[in-house]
Amino acid sequence: MRARISRRSFLHGSALTTAAATSAAAAIAGAAAAAVSGRPVTEQGREAVRLGPEAVRISLTINGSARPVSVEPRTTLAEALRDALGLTGTKIACDRGACSACTVWLDGQPICSCMVLAIEIGARHVTTIEGLASAAGLHPVQTAFIEHDALQCGFCTPGMLMSCAALLERMPAPDAQDVERAISGHLCRCGCYPHVVAATLEAAAVRRKRS
Amino acid sequence: MTTPSPQRTETFPCGLGADGLGEVTRQIPADEPPPLPPNSQLEVIGKPIARHNGRAKVTGAIRFTVDVTLPGLLHGRILRSAMPHAIIRSIDTSLAARHPGVRALVLVARPGDALSATVRYVGAPVAALAAESAAAAEEALRLIRVQYDPLPFVVELDRARAPSAPLVHDSVSVPRGHASGFPAPPDLPLHGNVRGPATLQRGDSAQGFAQADVVLEGEYRTQVQTHCCLEPHAIVADWGSEGLTVYISTQFTSGVRHELAEAFGLPLSRVRVVVDGMGGGFGSKSMLGNYGRLAVVLSRQAQAPVRIALDRQEEQIDSGNRPATWQRLRIGARNDGSLTAIALRSYGTAGVALGAGVGNVADALYRCPNVDTAQYDVFINAGPGCAMRGPGNVPGAWGMEQAIDELAERLVLDPLLLRDRIDASPVRREERRIGAERVDWRRRHAPGADAGVVKRGLGMAQSLWGANVQINAACEVRALRDGSVEVLSSVQDIGTGVGTVLAQVVAEVLGLRPEAITVRIGDTEFPAGPPSYGSRTTASITPPARTAAWQVLQSLLREAALALEVAPDALMAREGRIIVRGEPSRGMAFRDATALLRTDCVSAVASRSDDYGGFRRRMGDAAIAQQDLGGVQFAAVAVDTETGIVRVERVVAVQDCGRPLNPRQIESQVHGGVLMGLSFALFEERIIDQQTGRMVNPNLEQYRLAGCRETPQIEVVLLENYQGRSATDAYGIAEPSNIATAPAIANAVYNAIGVRVRSLPLTPGAILGALGKLRAGA
């Protein structure tokens, strides 16, 4: 069974359990941790597993490999990937789910990795930009991004690619509106959207030809 | 003055387009390569070559500054002012200093010191610390206690102009005439919060207005736009016994090196600045910045590397912005359209900083004998503005290009015909012709003529931008014994693809494929390159790259000539071989020629010479070419007159940048310019609460940017404009492509609804208000 804790509900819970918050502050000051009296529950009403505030050891399945990692409960998946695991291909631009730069796959679904805590991933599979290419070479979307110049500074590119590649997994023959819908949450300040759409459509055509 | 170097005479292709080019004869330095033929005769230059670092970018392998990590790296955070205007009475850092993770702490505001202890905007740095983790830094920051003595403040342009407004600056704190990344005239008078004017007078405007048949007046307003680079401003500073190494997301490695050397009393030789991946700057990463300076101070104190990366809120409130402006234009014209006088008065605000002018569009875009302009800076208690893509001329064109359309209507002239009469530029004339044909301008209807709720309109506007060049720009090319080739410069690739065009230029000279050239840039260990601002990078660095490659080739040809028993000038480089002209079967592989080298490497360093025929103006390291950059954009819009929503359906951007080196990368940049202009026109606005002085939308969801669903069909038409001005004859595109978009959209909106909206952004509320559809007080 997996405890479903969103970042929002986690913060909400912390605000209610003031004792826990106090203990964090006390720990910060280097004093002994105070006793905890609050008993947070999940959105489903189940009693939550208490973790932290100190770092806990978890295992994440990333790009097909089990990666043991030590994270604090407040650590987002994006932070765990970048800071603890050195997978810096995933980018953080707004850190609150507004720009989609940090998009990775969770069991194949594109999500904002800044909006999910590392400790709630559990057994689900994480795929990052580092895992998009295979031994056979670049993913067709990656190749098409290069050929169509669907990137300029490249900072939004990893997230954009993860959404476009996910689209092709669920929809082998998208049209331009489908691509626009798939990347509608992504911000690109360099203005690469027209080339991103063209590249993704071509990648879809290439994939269909191959299969 | 240095002695003039030996010159020789050469004949260059000259003119617009690929066909029917004329010729121009120029004196050029004797050690520079012969004229480059038009693109149609070249192998690599002018072709849509894929980015040299494309693979690194699509695999996530490219290293941005936020990805740089060093052993023992500390994390810096800045404590920022919670008050828009206050004197800091005390700062208690005792708790923070005792935090177990904290390794260095520095005060920016020093209580008791009037200058540093006064904060003038929400977000102004107060203190900074470095700790062993980002979380520890954040925790420790919250333990700092600051006591403020609040002062009256003003955060709005019009209110700040009033004589009774709270004063933002005093005579000591007022900036002296430099704005981040953008020049501001020095030593202008200050009255209250109003500084200036910076003036320009030509002819006699009073007489000009007296000669006019028609005098048009209009007031135009632009809002504050923020840069919103996806990669935050970030630095990793590493102060060591051997010197200072800094990794920084910057538009100017070489400039930051100079700033650091000066600020920290180090010789240039002990300062190294590095950037690989660079996630957008748009003007805001032109200089070291307060965060950069603080990271170095903290690193020196901690004797450990320190990273500071701004979060999104810091980005929005203290990393620069495009100033808000208000301008009044007065234009006198004769009935035939010829302009007799232009008067401009503008007030702009770059917050606590300078540089809020409206550029030179009003005085330089059109022929007019009598001009009188006065531009004022107004201080408010908000974060400092700085250069942003087309600074000055973006708000300048917003006013002037609407005013010209309004004048055309008063004169009952087609806006294109009026411009044909008053615009001296042959380049823009051709651009207007091409664009008009593309959008079928003749079918453009009268303003507001569409029946129905959704009304369509067509409009256009023009761009003006100086063709900037950095003289202090150098590049090295090396051919190694195994046949590999490197191009090296400290120039940085901020996303425009300058590394790719460097590889193209070198490959063209050496007869190689661009993929064969190893591009090593973004590091001050290499020859000093130009900044990536002012649309000057390509113009500044590709000519010395070609010259250096050509000089390397001459060395190789001398070696090959001995082996082939011909004269060196009988040889040429082509398709990976050194061959005898006219006898392609006689020759050797490029790498067989390099194998003849006496040493492992033959190298040449070249720097940017003056434009052939000279510059129009030279200011220190920077210069302006004889011919400006143009650009004409056409916009088709649909306005829903019930919801007020403006939808841009199509933009045709006809642009020029001298010789285009990589049309695909240029197209990408023009897409970016158009979208940033569209986003500015319809969505973006920094909103500051008058009661608290705080920005209420310091994020990326309430500060709205255009996304893919707001993206119109964008068609880019690129002119080839050969003038024989340098070894590549290439100039910039970034800023010209951003200047015309907003006024083109505004002119199209007017054509759609028949009511002119002179203030930005064109929100649904603004449109409904203009249509008289908002209830009073709503």
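Quick note: the coordinates plus some simple rules give every number you see, no bench work behind them. Treat the numbers as computed from the prediction; the structure is a model and nothing was measured. Positions of Cβ are backbone-derived with ideal geometry, glycine not excepted, and every protein chain shown enters the neighbour counts.
Name the residue from B:Ile331, B:Ala137, B:Ala350 whose Cα lies farthest towards the positive end of the charge dipole of chain B, charges +1 on Cβ of Lys and Arg and -1 on Cβ of Asp and Glu.
B:Ala137
For the stretch B:7-160, what is the convex hull volume of the alpha-carbon atoms per residue, in Å³? Could you put the intermediate results ahead of the total?
Values: hull volume 46.5 nm³, N = 154.
Taking only Cα atoms, the stretch B:7-160 has a hull volume of 302 Å³ per residue.
Spelling out what I want: for every residue of the stretch B:343-358, take phi, set θ = phi - 60°, compute 6.51 cos²θ - 1.76 cosθ + 1.60 (Karplus), and round to whole Hz; glycine and proline get x.
So the Karplus estimates, Gly and Pro as x, are 10, 10, 10, 9, 10, x, 10, 9, x, 7, 10, 9, x, 9, x, 10 Hz.
Could you tell me what a quarter of the Cα convex hull surface of the stretch B:369-492 works out to, in nm² with one decimal place? Working shown, then result.
Details: hull surface 64.0 nm².
Seen from a random direction, the Cα hull of the stretch B:369-492 projects 16.0 nm² on average.
With 10 angstrom as the radius, rank B:Tyr533, B:Tyr148 by how many other C-beta atoms surround their C-beta, starting from the fewest. All intermediate terms of the calculation are to be shown ahead of the outcome.
Numbers: B:Tyr533 30, B:Tyr148 18.
Ascending number of Cβ neighbours within 10 Å: B:Tyr148, B:Tyr533.
If each residue's Cβ is checked for other Cβ atoms within 10 Å, how do B:Arg618, B:Arg161 rank with the fewest at the top? Walk me through the numbers on the way to the answer.
On the way: B:Arg618 13, B:Arg161 19.
Least crowded to most crowded, the residues run B:Arg618, B:Arg161.
Report the charge-dipole magnitude of the protein assembly as shown in Debye, nearest 20, computed about the Cα centre from +1 at each Lys and Arg Cβ and -1 at each Asp and Glu Cβ. Walk me through the numbers on the way to the answer.
Working: 101 positive and 97 negative charges, 318 e Å.
Computed about the Cα centre, the dipole is about 1520 debye.
With contacts defined as alpha carbon pairs under 8 Å and 6 or more residues apart, what's the relative contact order of the stretch B:468-624 in percent?
On the way: 340 pairs, mean separation 53.9, N = 157.
Once divided by the residue count of the stretch B:468-624, the mean separation gives 34 percent.
Excluding B:Ile471 itself, what net charge comes from residues whose Cβ is under 15 Å from its Cβ, given Lys and Arg +1 and Asp and Glu -1?
Neighbourhood net charge equals +2.
In Å, the Kirkwood hydrodynamic radius of the stretch B:629-690 over pairs of distinct alpha carbons?
Details: mean 1/r = 0.0720 Å⁻¹.
One over the average 1/r among Cα pairs gives 13.9 Å for the stretch B:629-690.
Any chance you could list the semi-axes, whole Å, largest first, of the equivalent ellipsoid that the Cα gyration tensor gives for the protein assembly as shown, using √(5λ)?
So the equivalent ellipsoid measures 43, 38, 30 Å along its semi-axes.
Quick one: net charge around B:Arg758, please, counting Lys, Arg +1 and Asp, Glu -1 for every other residue with C-beta under 10 Å from its C-beta. Present the calculation step by step, with values, prior to reporting the outcome.
Values: positive: B:Arg221, B:Arg756; negative: B:Glu219, B:Glu406.
Within the 10 Å Cβ shell, the charges total 0.
Hey, got a sec? Which GluC sites (Glu not before Pro) in the stretch B:557-635 land in a DSSP loop and have at most 14 other Cβ atoms within 10 Å? Working shown, then result.
Numbers: sites: B:Glu559, B:Glu565, B:Glu575; in loops: B:Glu565, B:Glu575.
Sites meeting the loop and neighbour criteria: B:Glu565, B:Glu575.
Residue by residue through B:188-195, how many Cβ atoms from other chains fall within 10 Å of the Cβ on average?
Numbers: counts 0, 0, 0, 0, 0, 0, 0, 0.
Per-residue shielding by partner chains comes out at 0.
Sorted by average packing, counted as other Cβ atoms within 10 angstrom per residue and highest first, what order do B:745-758, B:541-554 take?
Values: B:745-758: 23.6, B:541-554: 26.7.
The peptides rank, most packed first, as B:541-554, B:745-758.
For the stretch B:435-493, what does the convex hull of the Cα positions come to per residue, in cubic angstrom?
Values: hull volume 13.3 nm³, N = 59.
So the per-residue hull volume is 226 Å³.
When N is the residue count of the stretch A:126-211, what does its C-alpha Rg come to as a fraction of 2.2 N^0.38 Å?
On the way: Rg = 11.7 Å, N = 86, 2.2 N^0.38 = 12.0 Å.
Computed over Cα atoms of the stretch A:126-211, the ratio equals 0.98.
Expressed as a whole number of Å, what is the distance separating the alpha-carbon centroids of the stretch B:707-722 and the stretch B:360-414?
23
Can you list the aspartates and glutamates whose alpha carbon is less than 14 Å from that of A:Lys91, not counting same-chain residues fewer than 8 positions off?
Within the straight-line limit of under 14 Å, A:Lys91 reaches these aspartates and glutamates: A:Glu79, A:Asp83, A:Glu130, B:Asp67, B:Glu231, B:Asp311.
Using Stokes-Einstein with the Kirkwood hydrodynamic radius over Cα pairs, what translational diffusion coefficient do you get for chain B at 20 °C and a viscosity of 1.002 mPa s, in µm²/s rounded to a whole number? Walk me through the numbers before you get to the answer.
Working: Rh = 27.8 Å.
Calculated translational D: 77 µm²/s.
Could you calculate, for the stretch B:356-423, the ratio of the Cα radius of gyration to the Kirkwood radius, expressed as Rg to Rh?
So for the stretch B:356-423, dividing Rg by the Kirkwood Rh gives 1.07.
Take every Cα pair under 8 Å in the stretch B:401-462 that's 6+ residues apart, average their separations, divide by the length, and report that relative contact order as a whole percent. Can you show the working numbers first?
Values: 23 pairs, mean separation 17.2, N = 62.
After rounding, I find 28 percent.
Over chain B, what is the relative contact order in percent, taking alpha-carbon pairs closer than 8 angstrom and at least six residues apart?
Numbers: 2026 pairs, mean separation 124.2, N = 778.
16 percent.
In the stretch B:298-340, whose amide N lies under 17 Å from the spot 7 Å out along Cα-to-Cβ of B:Ser241? List them in ranges.
Only B:300-305 pass the distance filter.
As a test of understanding, state the convex hull volume per residue of the stretch B:468-624 from its alpha carbons, in Å³. Write down the numbers at each step before the final one.
Numbers: hull volume 17.2 nm³, N = 157.
Per-residue hull volume (Cα only) is 110 Å³.
Work out the mean other chain Cβ neighbour count within 10 Å for the residues of A:137-148 and drop it here as an integer.
Rounded to a whole number, the mean comes out at 3.
B:Lys773: which aspartates and glutamates have alpha carbons under 13 Å from its alpha carbon, excluding same-chain residues fewer than 8 sequence positions away?
B:Asp640, B:Glu642
Please list the non-local residues whose amide H lies under 5 Å from the amide H of B:Phe64, H modeled 1.01 Å from N, same-chain partners needing a gap of 5 or more.
HN-HN under 5 Å from B:Phe64: B:Gly277.
Please arrange B:Arg429, B:Arg270, B:Arg686 by how many other C-beta atoms lie within 10 Å of their C-beta, fewest to most. Before the final figure, lay out the partial values.
Working: B:Arg429 17, B:Arg270 14, B:Arg686 21.
Ordered from fewest to most neighbouring Cβ atoms within 10 Å, B:Arg429, B:Arg270, B:Arg686 come out as B:Arg270, B:Arg429, B:Arg686.
What number results when the radius of gyration of the stretch B:137-256, computed over Cα atoms, is divided by 2.2 N^0.38 Å?
Values: Rg = 22.6 Å, N = 120, 2.2 N^0.38 = 13.6 Å.
Computed over Cα atoms of the stretch B:137-256, the ratio equals 1.67.
Given H placed 1.01 Å from N in the peptide plane, which residues other than close sequence neighbours of B:Leu151 have an amide H under 5 Å from its amide H?
Residues meeting the amide H criterion: B:His85, B:Ala86, B:Ile87.
Ranked from highest to lowest mean number of other Cβ atoms within 10 Å per residue, what is the order of the peptides B:289-299, B:642-652, B:200-210, B:228-238?
Details: B:289-299: 24.5, B:642-652: 19.4, B:200-210: 15.5, B:228-238: 26.1.
The packing order, highest mean first, is B:228-238, B:289-299, B:642-652, B:200-210.
Excluding residues on the same chain fewer than 8 positions from A:Lys209, give the aspartates and glutamates whose Cα lies under 20 Å from its Cα.
Counting by Cα, and skipping residues close in sequence, A:Lys209 has these aspartates and glutamates nearby: A:Glu147, A:Glu169, A:Asp175, A:Asp178.
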